[in-house]
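Trainee: Have a look at this one before I ask anything.
The values are calculated or read from the model by the stated rules, or taken from the named source; none is laboratory data. Just so it is clear, the model here is predicted, and its values are computed rather than measured. All Cβ positions, even for glycine, are placed from backbone atoms using ideal geometry, and neighbour counts span all protein chains on display.
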Amino acid sequence: MLDGNRGPLPAIAERASVMADLFEPLFWYITAWTTAGFLLVCALLTWCCIAYRRKPGRISTPRILGSHRLELFWTVTPLLVFLTFYAWGVYVYDKAVHPPADAPEVYVIGKQWMWKAQYPNGQRVIIGGNPKNMTEEDRQNIGALVLPLNRPVKVTFISEDVIHDFGVPAFRQKIDVIPGRYVSTWYQPTKLGEFHVFCDQYCGAWHSLMVGKIKVVPAAEFDAFLEGKGGAQGSPNPVDGSLAHKGLQHFQRLECNTCHIPNAAIGTGRHARAPNLEGLYGRDVPIKGGITIRADDQYLRDAIVNPGKHIVEGWERAMPGNYGTQVSEEDLNALIAYIKWLRPGTQLGPNNNSVAPYGAPRQTPETNKSPGGKQ
Amino acid sequence: MSIVIGDTPRTAPPPPEPETPRRNYLNETSGFWSWALTVDHKRIGILYLVSITAFFLVGGIAAGLVRANLLTPNGAILTEDQYNKAFTAHGVVMLFLFLIPSIPAVFGNFLVPLMIGAKDLAFPRLNLASWYVFMIGAAFMVWGLLSGGIDTGWTLYPPYSSRYSHASVAPGVFGVFITGFSSIMTGLNIMVTVHKMRAPGMTWGRLPLFIWAMYATSFIQLLGTPVVAITLLLLLVERLAGVGIFDPSIGGDPVLYQHLFWFYSHPAVYIMIVPGMGVVSEVLTCFSRKNIFGYKAVAWSSVGIAVVGFLVWAHHMFVAGISYYSALLFSFLTMLVAVPSAIKVFNWVATLYRGSITFQAPMMFTLAFLVLFTVGGVTGMFLATMGTDIHLHDTYFVVAHFHFVMVGGMVLAYLAGIHFWWPKMTGRMYSDFWSKTSATVIFVGFFFTFVPQFVLGYHGMPRRYPNYPEEFQVYNVLSTAGASILGVGYLMPAVYLTLSLFFGPKASANPWSATGLEWQVPSPPTVFNFEYLPITVCGPYEYAIGVDQMGRGLPEPPGAGDDNPATRVGATLLPGPQPKETEVVG
């Protein structure tokens, strides 16, 4: 199971992030009120049960039907107290669900029964899971999710299969990881060390083994790690290009660039059959039917795996609908990272230096093992 | 200063103890078919009682397996797969086959006509059909549990339940779907009965609070259950026919399922607690010899819970991918729904004020209810508050919270009800000593079982984990130890109540000196309940004046016979109506 016995549980659970510091005062504030309320009820009950127990010779009781004033009192008082819980709770929740704009982004993918992380610079790590259930390569890559001390990091999640939940008790944070949809949260660790990651949403046979580790390192070490130096995550760390670069390779392999050709190619006799993707990310896209959608991660993902969902104004549906079965969630993250990176004039058209498309004849037959490719 | 004045009852001398008739609903007819084809609401109540007791045993065994397995960090006795099936069996059986039918189907059936002065429910055949439908649904569920088990958790979230699980989800889901109809039938029956069949004088303002609670519950059953039925049907369509409804890989939306599921299943927790609140109001007034404090507040808070309870479902989903603004709204509405429960607790406590309290088993269970339900209620605030729910969601904190409400609340109220109405249902009294002991043992065992789980949840131990970090072991062992005590506590009533059927002393018509109409008929009642048309002349809890709802005096209250005869002097001990002014407090 998980490493290390950390001894008996402390009175106040380990705090290791900004959110944990926001959680604790609120938790103990509610604890104080509710304990007081509970003790009040218990005290009144005990007092009544002792003082008004049936005594010989005194069984006659007064006819008391109620009191509007008391009803009002114990309706309004709890409500006001509850509303302070509400207001404080909103404040904490608001912080938890809105990542700072400038935080670097890490992708985490949940699947039965492991967590996979991808960093913008291409590092990939298995945060944890059930080793019996992994490929040999994944088993080699089991490590920890590396996060920098005192610096916010945005984490975007998606699931490959069922609903999972990425819970980090020491950070007092939790988020359901849903198939087909990106959800984001953010962490700003305040303590060095290793912390539990639990899958908190029941996900099948080895749900309880879908656990992993977060490792918080000093910011400088984190920067070095992102540059490909040092093995902070505790697993082999082959950085073979950034996520966007991997995305470019997929883009070429999947032959996206035969239809989504760059502006530069227009007028060279080539005909664009699909919208230009340069500078697309973050723009408002007019959709047939008169609506506009902000081109964010979710939009791009939907446009790749379910192209018929939204057709861009001025274009016809031409894209094959089977990319969802060809592209893994990890590859989608790479593709989206590439499309995010595309600025006007930066997209390469198809040329002789492109990565060969899936199914293209290779020089040596044994290298032709592209996963999910059209065979 | 506001003064609340109730009905001024017309009074009459206490009735003579009615002669126990030779024939009652239990011995009027006999043989298998007399039970299998009965349309007597009391016999159907007994059928439900026997069935759900069996299911409680099944669910309890599953709980025992779960707790035993959690003794060690890597699972003491079960594999992961077996553990998943055990906790799912525990949840499905306890919720759908015990808690939802518990008070509504057992006491609702048995008592609603008796309490409002009717001969039966409005639709006796529908009532019998509801039991058969329930048993058919239960058979499907048991089939699912035996033919490979269900490993999805009782919440059945897709796409796991619709696509990835290899267990026998379909029969189990179909069983839940079917039992839903039984719940609708019971709710409809009770609602119509309360509307149309009240005896003369039984106005809405004189209804016992148990009837108000049952009425509010029926409202939830009628409006909520169809939604879960549709949801489960959609789930089955997706699982069996592959139509994309909830699974995103075929075009569905998994969060949609959660909305639909909780739209029923949150109100369903009120199906499980509001009837218990009704029982508490009955028992508390009787054993403190007081009018209920704030009748209208207690009655309308039941209705308030039923209505607002429909608007809070998404508080189960604060971290499940709902929008920020809907989370804000649902947290706010959840704060509102907590208020009626608080109102009830304060009114119950105020009812004890200046009472003459005795501590027979029904009262012991009710006092335990008050303490445990209060814990369950206040710990709900941590989960209604979004900032704390982010961490506590799906941990043992939630498990402990809802067990305090469902078990500490509903099961104890159910046991209070069983002990309160047992003499009426069976005509026998049970052991005073053992029943009090059982209430104490259950209360202590319960605390030991679930308080450690709050600590575990606060430290982040997730639900549904057979493997857990070693630092959590101490609290899990404590919890399992408590569960063993709780198990012993549950077995005790099974023994002494069964023994009472054969060896218990015969019960009088009104052994607790209670005011409700159900106590004005013999124990056990005759087939058609009332030999005459009961005319209600006053509200339900005129203990201070000492009259029942028909305006007749009450017999001596329980425990009075224990007094030293030397001290039994003075008018205060005379049974029967006592002229008394309404007093005002606050």
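Trainee: Of all residues in the stretch B:324-343, which are under 30 Å from A:Val183 (Cβ atoms) and more than 8 Å from chain A (Cβ to nearest Cβ)?
Mentor: Filtering the stretch B:324-343 down to residues under 30 Å from A:Val183 (Cβ atoms) leaves B:324-338.
Hits for the stretch B:324-343 are B:Tyr325, B:Ser326, B:Leu329, B:Phe330, B:Leu333, B:Thr334, B:Val337.
Trainee: May I pose another question? Hey, A:Arg124 hits all of (1) buried (at least 22 other Cβ atoms within 10 Å of the Cβ); (2) more than 18 Å from A:Glu329 (Cα to Cα); (3) not aliphatic (A, V, I, L, M) but one; which does it fall short on?
Mentor: Evaluating A:Arg124 over (1) buried (at least 22 other Cβ atoms within 10 Å of the Cβ); (2) more than 18 Å from A:Glu329 (Cα to Cα); (3) not aliphatic (A, V, I, L, M) leaves (2) as the failure.
Trainee: Starting from residues that are touching a residue at least 40 places away in the same chain (Cβ under 8 Å) and of a type in the set (Asp, Glu), keep the ones in the stretch A:106-164 and report whichever is nearest to the other protein chains (Cβ to nearest Cβ).
Mentor: So, considering only residues that are touching a residue at least 40 places away in the same chain (Cβ under 8 Å) and of a type in the set (Asp, Glu), the one nearest to the other protein chains (Cβ to nearest Cβ) is A:Asp161.
Trainee: Restricting the search to the stretch A:114-143, which residues are charged (D, E, K, R) and either under 17 Å from the mean Cα position of the chain (by Cα) or in a strand (DSSP E or B) (or both)?
Mentor: Initial filter on the stretch A:114-143 (charged (D, E, K, R)): A:116, A:124, A:132, A:136-139.
Hits for the stretch A:114-143 are A:Lys116, A:Arg124.
Trainee: Sort through B:Gln258, B:Gln221 and tell me the only one that's buried (at least 22 other Cβ atoms within 10 Å of the Cβ), over 30 Å from B:Gly551 (Cα atoms) and away from chain A (no Cβ under 13 Å).
Mentor: B:Gln221
Trainee: Further question: Is the stretch A:93-113 home to any residue that is touching a helix residue (DSSP H, G or I) at 6+ places or on another chain (Cβ under 8 Å), crowded, with 22+ Cβ neighbours inside 10 Å and part of a helix (DSSP H, G or I)?
Mentor: yes
Trainee: Okay, next question. Look at the stretch A:41-63 and say how many of its residues are at the interface with chain B (Cβ under 7 Å from one of its Cβ atoms) and either modelled with pLDDT under 90 or not in a strand (DSSP E or B) (or both).
Mentor: So the answer is 15.
Trainee: I've got another one for you. Would you check if there is a residue in the stretch B:302-318 being at the interface with chain A (Cβ under 7 Å from one of its Cβ atoms) and surrounded by 23 or more Cβ atoms within 10 Å (Cβ to Cβ)?
Mentor: Residues of the stretch B:302-318 at the interface with chain A (Cβ under 7 Å from one of its Cβ atoms): none.
Checked the stretch B:302-318: no residue is at the interface with chain A (Cβ under 7 Å from one of its Cβ atoms) and surrounded by 23 or more Cβ atoms within 10 Å (Cβ to Cβ).
Trainee: Do we find that B:Phe346 is crowded, with 19+ Cβ neighbours inside 10 Å, assigned to a helix (DSSP H, G or I) and more than 10 Å from chain A (Cβ to nearest Cβ) in this structure? Even if it seems obvious, please write down each step before you answer.
Mentor: Details: crowded, with 19+ Cβ neighbours inside 10 Å: yes; assigned to a helix (DSSP H, G or I): yes; more than 10 Å from chain A (Cβ to nearest Cβ): no.
So B:Phe346 fails the test.
Trainee: Looking only at the stretch B:353-369, filter to residues that are buried (at least 24 other Cβ atoms within 10 Å of the Cβ) and assigned to a helix (DSSP H, G or I); which one of those is nearest to the other protein chains (Cβ to nearest Cβ)?
Mentor: If we take residues in the stretch B:353-369 being buried (at least 24 other Cβ atoms within 10 Å of the Cβ) and assigned to a helix (DSSP H, G or I), then B:Leu367 is nearest to the other protein chains (Cβ to nearest Cβ).
Trainee: Of the conditions (1) assigned to a helix (DSSP H, G or I); (2) buried (at least 24 other Cβ atoms within 10 Å of the Cβ); (3) hydrophobic (A, V, I, L, M, F, W, C), B:Ile150 clears all except one; give me its number.
Mentor: Condition not satisfied by B:Ile150: (1).
Trainee: Determine whether the stretch A:71-90 contains at least one residue that is surrounded by fewer than 20 Cβ atoms within 10 Å (Cβ to Cβ) and in contact (Cβ under 8 Å) with a residue 60 or more places away in the chain.
Mentor: yes
Trainee: What residue, of B:Met317, B:Met277, is within 26 Å of B:Phe210 (Cα to Cα) and either among the aliphatic types (A, V, I, L, M) or under 17 Å from the mean Cα position of the chain (by Cα) (or both)? Show your work before the answer.
Mentor: Working: B:Met317 fails: within 26 Å of B:Phe210 (Cα to Cα).
After ruling out the rest, the residue left standing is B:Met277.
Trainee: Testing B:Asn291 on (1) more than 17 Å from the chain's Cα centre (by Cα); (2) surrounded by fewer than 24 Cβ atoms within 10 Å (Cβ to Cβ), one condition comes back false. Which one is that?
Mentor: Here B:Asn291 clears every test but (2).
Trainee: Does B:Val280 satisfy being part of a helix (DSSP H, G or I), in contact (Cβ under 8 Å) with a residue 60 or more places away in the chain and at the interface with chain A (Cβ under 10 Å from one of its Cβ atoms)? Don't jump to the end; show me each part of the working.
Mentor: Working: part of a helix (DSSP H, G or I): yes; in contact (Cβ under 8 Å) with a residue 60 or more places away in the chain: yes; at the interface with chain A (Cβ under 10 Å from one of its Cβ atoms): no.
No.
Trainee: Looking at A:Val216, is it touching a Gly at 6+ places or on another chain (Cβ under 7 Å) and within 10 Å of chain B (Cβ to nearest Cβ)? Even if it seems obvious, please write down each step before you answer.
Mentor: On the way: touching a Gly at 6+ places or on another chain (Cβ under 7 Å): yes; within 10 Å of chain B (Cβ to nearest Cβ): no.
So A:Val216 fails the test.
Trainee: List the pairs whose first member sits in the stretch B:468-486 and is more than 11 Å from chain A (Cβ to nearest Cβ), whose second member is among the aromatic types (Phe, Trp, Tyr) and not in a helix (DSSP H, G or I), and whose Cβ atoms are under 9 Å apart, counting only residues at least 6 apart or on separate chains?
Mentor: Listed pairs, sorted by first residue: B:Asn476/B:Tyr468.
Trainee: Here is a check on your reading of the model: is B:Phe181 surrounded by 24 or more Cβ atoms within 10 Å (Cβ to Cβ) and under 23 Å from the mean Cα position of the chain (by Cα)? Show your work before the answer.
Mentor: Working: surrounded by 24 or more Cβ atoms within 10 Å (Cβ to Cβ): no; under 23 Å from the mean Cα position of the chain (by Cα): yes.
Spelling it out, it is not the case that B:Phe181 is surrounded by 24 or more Cβ atoms within 10 Å (Cβ to Cβ) and under 23 Å from the mean Cα position of the chain (by Cα).
Trainee: Please find, within the stretch B:393-426, the residue that is nearest to B:Phe502 (Cα to Cα) out of those that are within 13 Å of another protein chain (Cβ to nearest Cβ) and crowded, with 24+ Cβ neighbours inside 10 Å. Before you say what the answer is, go through the steps one by one.
Mentor: Looking only at the stretch B:393-426, we keep the residues that are within 13 Å of another protein chain (Cβ to nearest Cβ), and these are B:393-399, B:401, B:404, B:408.
Next, only the ones that are crowded, with 24+ Cβ neighbours inside 10 Å stay: B:393-397, B:401, B:404, B:408.
On the way: B:His393: 48, B:Asp394: 46, B:Thr395: 46, B:Tyr396: 43, B:Phe397: 43, B:His401: 39, B:Phe404: 34, B:Gly408: 30 Å.
So the residue we want is B:Gly408.
Trainee: Considering only residues that are in contact with a Gly (Cβ under 6 Å, 6 or more places away or on another chain) and either on the phi > 0 side of the Ramachandran plot or part of a strand (DSSP E or B) (or both), which ones fall in the stretch A:144-159?
Mentor: From the stretch A:144-159, those in contact with a Gly (Cβ under 6 Å, 6 or more places away or on another chain) are A:144, A:159; that's our starting set.
A:Ser159, the sole residue that qualifies.
Trainee: Show me the helices (runs of 4 or more DSSP H) found entirely inside the stretch B:19-101 where at least 1 residues are touching a Gly at 6+ places or on another chain (Cβ under 7 Å).
Mentor: Values: elements: B:32-36, B:41-69, B:80-92.
In the stretch B:19-101, B:41-69, B:80-92 are the helices (runs of 4 or more DSSP H) which contain 1 or more residues that are touching a Gly at 6+ places or on another chain (Cβ under 7 Å).
Trainee: Considering the stretch A:156-169 alone, what residues qualify as being surrounded by fewer than 24 Cβ atoms within 10 Å (Cβ to Cβ) and more than 22 Å from A:Ala205 (Cβ to Cβ)?
Mentor: A:Thr156
Trainee: In the set B:Ala350, B:Ala361, which member is touching an Asp or Glu at 6+ places or on another chain (Cβ under 9 Å) and hydrophobic (A, V, I, L, M, F, W, C)?
Mentor: Numbers: B:Ala350 fails: touching an Asp or Glu at 6+ places or on another chain (Cβ under 9 Å).
Every option except B:Ala361 fails the conditions.
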